[in-house]
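Below is one structure, written out as structure tokens; comments come after it.
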Amino acid sequence: MTDGQRLFIGGRWVEPDGGHYEVIDPATEETVGWAPEASRDQVHAAAAAAREAFGPWSRTTPEERAAVLGRAADVIRGRLEPYARLAQAETGATTGTAYGMQVGVGAARFRRYAKVEPAEWAIPPQVIEAGPMGRAGVMGALAVRQPVGVVTCITSYNNPWANPAGKIAPALAMGNTVVVKPAPQDPLSVFRMAEALEAAGAPAGVLNVVCGRSVDVGEAAVSSPDVDMVSFTGSTAVGQRIAEVCGRDMKRQLMELGGKGAAVVFDDADVGSAVAGIGTTFSFYSGQICTAPTRVLAQRGVYDRLVEQLAVYAGRLKVGDPREPGTVVGPVISAEHRERVESYVELGRKEGATVLTGGERPPHDQGFYVSPALLADCTSSMRVTREEIFGPVVCVIPFEEEEEGIALANDSDYGLIDYVWSGDVARAFRVARQLRAGGVGVNTVGRNMEAPFGGFKKSGVGRDVGSYALHAYSEVQAIVWPG
């Protein structure tokens, strides 16, 4: 391989028309590698290669496709260390996150879709009293999941393994072919994923990877006439633009967009559990995650204790080099994003919030670090409580009665994942059902990786994960016959 990463198009490693750009380690500000800048023509070539490969790939048996995915999982596991080191360098993730939550989860997702599931199911026969040809008798029916076609997957920068794998693996398992456009900040890991699939025997054109900082690259990957579906993870603003393009051609969409997760904490909650769960906003990916409980709604009886313990928790977290043992909070992805997070903390101060801790730059010579910030005395009208910050910032709002807490939680443009902490499990589940969010955690921030994932409102369209992803990357066809 040359000094710069090549594109992967039609089973070939191709030099990019637009040259290369630097990928920066957010912890050290050193060069990790050189990413390729594709041209619009190269993106169209990738989509055309996927279109050509679709017919043969879609006609392979589910068992054959599963075998390829299983071998890819083995390759990734076998290369865990170098892949994790690269992911850590690109993203600034802590060592445990890079190994476990990035590459480890990526391999697990390929392994998950190496399991063949039924793609058809019977529908109870229907007795037809009369039909266009007179009496029709009994009609049988079968529902069959069919692949959509060519799927463009546009992935987020916060996890260059789990997020792309969660799209690529179920899409391929269903018989689709794929064009991946990774985030420009950390694209090199996705090319390692392509190498793993190539080594696993994926036919040429089944997976293609293009890359670039130019908006043209993403636009071409969405608008290409060879593309049948777009799966996107990212900001709501970009998702809306993609949806407009998809709408013109009636392309299928799967959109996992922004979040402003509400954590409703009642007086009878286990405060230690709530603090530990909410505290993941400070530490997990340095708050760069759409599912984070960034908007804390605390009932009056527990408000002071919760705020005090959250401040102590945030202040004790070790911020620094993610490669060092004991580091809990690494850098954010770029200098620009650090400035954005800092500007939100300052905005909150101007809006009347009390900044109890954090929000400033730690004393490091290099790296894009932000100290975990806790903002108290917030209101639901403040921009810091309404807009997605995507950083280690938690805002706390007090409430009095249960109905007020529910109303505050639902007073948001977003609805991805919300949380409820209460010692009364019956109340927690009652409240959960009233929250307008695609998922609700009850006394936990944990996830069940077979549960459907997606959002209400401006947090997205559609559901994936587990068997739901197989539905997302398929069309349902009805076959009917006379009994």
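The values are calculated or read from the model by the stated rules, or taken from the named source; none is laboratory data. Please read these numbers as outputs of a predicted model, since none were measured by experiment. Here Cβ is always computed from backbone atoms with ideal geometry, including for glycine, and neighbour counts include all displayed protein chains. Accessible surface areas use protein heavy atoms only, side chains included; no ligands, DNA or RNA. Shrake-Rupley method; radii C 1.70, N 1.55, O 1.52, S 1.80 Å.
The table for this structure:
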read-out: Karplus-derived 3J(HN,Hα), 6.51/-1.76/1.60, for each residue of the stretch 3-11, Hz, glycine and proline x; value: 4, x, 5, 9, 6, 10, 9, x, x
read-out: Peptides 57-70, 323-336, 205-218 ordered by average Cβ neighbours within 10 Å, highest first; value: 205-218, 323-336, 57-70
read-out: Long-range HN-HN contacts of Tyr21 with modeled amide H, under 5 Å; value: Ala35, Glu37
read-out: Inter-label distance, nm, simple model (7 Å from Cα along the C-beta direction), Arg340/Val425; value: 4.0 nm
read-out: Whole-Hz couplings from phi, Karplus 6.51/-1.76/1.60, listed for the stretch 234-239; x for Gly and Pro; value: x, 6, 5, 4, 5, x
read-out: Calculated FRET efficiency for the pair Asp249/Glu475, C-beta based, R₀ 25 Å, to 0.05; value: 0.95
read-out: Efficiency of FRET between Asp365 and Ser235 - r from beta-carbon atoms, R0 41 angstrom, step 0.05; value: 0.85
read-out: Under the Karplus curve 6.51 cos²θ - 1.76 cosθ + 1.60, θ = phi - 60°, whole-Hz ³J(HN,Hα) for the stretch 87-100, x wherever Gly or Pro sits; value: 4, 5, 5, 6, 9, x, 5, 5, 4, x, 5, 4, 6, x
read-out: Carbon plus sulfur fraction of accessible area for the chain, probe 1.4 Å, in percent; value: 52 percent
read-out: Distance histogram in 10 Å bins (all Cα pairs of the stretch 30-174, percent per bin); value: 10, 27, 28, 18, 9, 5, 3, 0
read-out: Those aspartates and glutamates that a straight Cα-Cα span of less than 15 Å connects to Lys260, excepting residues fewer than 8 apart in one chain; value: Glu387, Glu388, Asp411, Asp413, Asp418
read-out: Under 5 Å, built H, 5+ apart or other chain: amide partners of Tyr419; value: Ala262, Ala263, Val264, Gly441
read-out: Dipole magnitude of the stretch 122-204 about its Cα centre (Cβ charges: Lys, Arg +1; Asp, Glu -1), debye to nearest 20; value: 140 debye
read-out: Pairwise label distance in nanometres, Val215 with Glu308, each label 7 Å out on the Cα-Cβ vector; value: 5.1 nm
read-out: Shape of the stretch 345-476, Cα gyration tensor, a/c cut at 1.5; value: oblate
read-out: The stretch 78-161: GluC sites (Glu not before Pro) falling in loop per DSSP and having at most 13 other Cβ within 10 Å; value: Glu129
read-out: Kirkwood hydrodynamic radius (C-alpha pairs) into Stokes-Einstein, the stretch 179-321, 4 °C and 1.567 mPa s, D in µm²/s; value: 70 µm²/s
read-out: Among the listed pairs Lys350/Lys457; Lys167/Lys458; Lys318/Lys350; Lys318/Lys457; Lys318/Lys458; Lys115/Lys167, those beyond 26 Å (Cα-Cα); value: Lys350/Lys457; Lys318/Lys350; Lys318/Lys457; Lys318/Lys458
read-out: Cα pair distances in the stretch 149-252, grouped into 10 Å bins until the bin that holds the longest one, percent each; value: 15, 53, 29, 3
read-out: Relative contact order (%) - criterion: Cα under 8 Å, at least six apart; region: the chain; value: 17 percent
read-out: Rounded accessible area per residue of the chain, 1.4 Å, Å²; value: 40 Å²
read-out: Distant-in-sequence amide H partners of Phe456 (H built 1.01 Å from N, under 5 Å); value: Gly415, Leu416, Gly438
read-out: Leu188 accessible area, 1.4 Å probe, all protein chains in place, Å² to nearest 10; value: 10 Å²
